[in-house]
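Notes to accompany the following structure.
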Ligand SMILES: [Zn+2]
C-alpha cells in the first residue's frame with residue numbers, strides 16, 4: 001500500500017511532530033550510526049553532529065553544544081545605564 005502521507009507516528013502518546021520544537025524526542029525508527037544519522041518516526045533525519053533534515057527537505061544546522069551566549073555578571077546594570085546616559 002502506498003500512502004502519500006508523510007511519516008506518521010505509530011506511538012502513543014504521539015511523538016513530537018517534525019515541526020515541533022521537541023521533534024528530536026521522537027523515537028528512532030532507523031539508526032545508521034556507522035553513517036552518522038538516524039531517522040525518527042516523525043520523518044526527521046538527525047545527524048550525529050545534532051544537525052537535522054526535516055521531511056520537507058529543510059536542513060537545520062548543528063546546535064553548538066557548549067556554546068552559550070555568556071554575559072558575565074560582573075556588574076549591575078547600573079554601570080551600563082550610566083554609560084548609556086553619558087553617551088546620549
Ligand atoms: Zn513516534
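We did not get these values from a lab; they are worked out from the coordinates using the rules stated. All values derive from a computational prediction rather than experimental measurement. We place every Cβ from the backbone using ideal geometry, glycine too, and count neighbours over all the protein chains shown.
Some points to look at:
- Shape analysis of the stretch 11-56 based on the Cα gyration tensor places the equivalent ellipsoid semi-axes at 17, 12, 8 Å, largest first.
- Using the average count of surrounding beta-carbon atoms within 10 Å as a protection proxy, the listed peptides 44-51, 32-39 rank, highest first, as 44-51, 32-39.
- Net lengthening on full extension, residue 58/residue 25 (0.36 nm per residue, minus Cα-Cα): 10.1 nm
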